[in-house]
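The values are calculated or read from the model by the stated rules, or taken from the named source; none is laboratory data. The model shown is predicted, which means the values in this text are computed figures rather than measured ones. Quick reminder, even Gly has a Cβ in these numbers, built from the backbone with ideal geometry, and neighbours come from all protein chains shown. Please note that ligands, DNA and RNA were not included when accessible areas were found on the heavy atoms of the full protein model with its side chains. Shrake-Rupley method; radii C 1.70, N 1.55, O 1.52, S 1.80 Å.
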Amino acid sequence: MKKAWLSALLALTVAGVGTTAALGEGALRVFVGSETIASDMPASKAESVESLVNKLGGFVDYDQKTGKLQVVKPNVNIIVLEGIQQTRNKTIVFSNPIKGYSDKNVPRTFNVFVEVDEAPVAKDLRIQLVLIGPDGKEVSRGKELKYSTQNANSFYFAEPFVSTKLEDYGNYKVQVQMKSEKFPTYVVVGENTFTVGR
């Protein structure tokens, strides 16, 4: 049953938006579209579902009064490049996608381009880039950006990492983290990786 629930939750988050409606006092029924995924789930599981959905890069909006639970999963694309330029006619030009570097302890400058679709609707959506080293520790953090997604929930931005020292061999992660007034804790909604070493 646990594997089936995890598979259902993955399907729910990949689908983007799912809802759960109250069956009776303290019970939930999970739907994807018109298909029932799980029934008679205890309402006490809502917090566990939220924790799991957050780890999968989504947000949970749970209304205890109605028993309705909505999963919001932003669609995030991340490209790590040597350079990004915008021409006079607003065309964006990417140069040299980065898959990795051969040597460590060399200051590296690279750019990250992020495209977000289906972001949570928010007056104050906060987003930031975080570079995580092979040891799982934070190497660098970009500035916190602010967006309003009340009229449009799609946007893109680019941010450079300038003279960033990559001290260890292994895989580095560039994470996109997001939060809003409705979802006050940063959640990793997407990531891309590159390697340092041969």
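Values for this structure:
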quantity: Whole-number accessible area per residue in Å² for region 54-156, which is evaluated in the context of all protein chains at 1.4 Å; calculated: 59
quantity: Spin-label model distance (nm) - Asp117 vs Lys99, 7 Å beyond Cα toward Cβ; calculated: 2.6
quantity: Full-stretch length increase - Leu145, Gln86 - with 0.36 nm per residue and alpha-carbon distance subtracted; calculated: 19.3 nm
quantity: Neighbourhood charge, 15 Å Cβ-Cβ cut-off, centred on Pro97 and excluding it, Lys, Arg +1 and Asp, Glu -1; calculated: 0
quantity: Residue order for Arg126, Arg141 - accessible surface, 1.4 angstrom probe, largest first; calculated: Arg141, Arg126
quantity: Total formal charge among the other residues, if their Cβ is under 15 angstrom from that of Val139, Lys/Arg +1 and Asp/Glu -1; calculated: 0
quantity: Accessible surface, 1.4 Å probe, highest first, among residues Thr149, Thr87; calculated: Thr87, Thr149
quantity: Stretchable slack from Phe157 to Gln64, in nm (0.36 nm times residue separation minus alpha-carbon distance); calculated: 29.9 nm
quantity: Filter on Lys90/Lys143; Lys99/Lys173; Lys104/Lys137 - keep pairs with C-alpha separation over 18 Å; calculated: Lys90/Lys143
quantity: Label-point gap, in nm, between Glu138 and Asn171 - each point 7 angstrom along Cα→Cβ; calculated: 2.2
quantity: Computed accessible area, Glu50, all protein chains, 1.4 angstrom probe, square angstrom; calculated: 70
